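Below is one structure, written out as structure tokens; comments come after it.
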Amino acid sequence: MIYRIMIAVLILCVASSAQTIHPEAQKKVEKFYNQVKSGEYRTALEDITKGGPLYTKIFGDEATAISFVKKLESLQDYYGSVFGYEMAKDNALGRIFKYTYFFYHEKYATRFIFTFYMAEDEWTLIYFEFDDSILLEIN
């Protein structure tokens, strides 16, 4: 009896820790990754932020846009070309969904955090950051 309970608890723990991403958010992240991989940094940022407050924040001022694009480009200079990616963590609260991804480069991995807000009928990126702090995600 105790054995069966332990197995049931183990199954529930594994099932509850499975990472999920909503298909529309996944499409946006996948498109972003493919654009970054092909060196289309500005287009990647424009497309993933389009229609949301980050678009205006980043592209409302050309100097800010150039700085953001250069920071994204610098990842390739430091770590080499991107060859893969995977979701490392997901969190949700109501209509807000935060996804942490690892982008794998030739020399190291980088961390990308995408936070989406699900409006009535559209996914909007409301927060975005990237860095090389992947060790912060490993417990």
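Read-outs: derived from the displayed coordinates by stated rules, not from any lab. Model, not experiment: these values are computed from the prediction. Virtual Cβ from ideal backbone geometry, glycine too; neighbours counted across all protein chains shown.
The convex hull drawn around the Cα atoms of the stretch 35-107, when projected onto a plane and averaged over every direction, covers 5.6 nm². Calculated on the Cα set of the chain, radius of gyration then Dmax: 17.5, 66 Å.
The sum of -39500 (n - 2.57) across all DSSP H runs of n ≥ 4, divided by the residue count of the chain, sets its helix-only mean residue ellipticity at 222 nm to -14500 deg cm²/dmol.
When the chain is treated as a GNM with alpha-carbon contacts under 10 Å, the residue of Leu93, Leu54, Leu72 showing the greatest mean-square fluctuation is Leu93. Relative to the dominant Cα principal axis of the chain, helix 23-37 is inclined by about 50°.
For the chain, a Gaussian network of Cα nodes joined below 10 Å ranks Gly51, Gly60, Gly80 by mean-square fluctuation, and the top entry is Gly60. For the pair Asp61 and Tyr127, the difference between a 0.36 nm per residue extended length and the Cα-Cα distance amounts to 22.0 nm.
Applying a DSSP loop filter and a limit of 16 other Cβ atoms within 10 Å to the chymotrypsin sites (Phe, Trp or Tyr not before Pro) in the stretch 54-108 leaves Tyr108. Here the stretch 109-139 is scanned for amide nitrogen atoms under 14 Å from the site 7 Å beyond the Cα of Lys31 along Cα-to-Cβ, giving 122-125. So the label point goes 7 Å from the Cα of Leu136 along Cα→C-beta, right? Which residues of the stretch 80-111 then have their backbone N under 11 Å from it? It comes to 111, nothing else.
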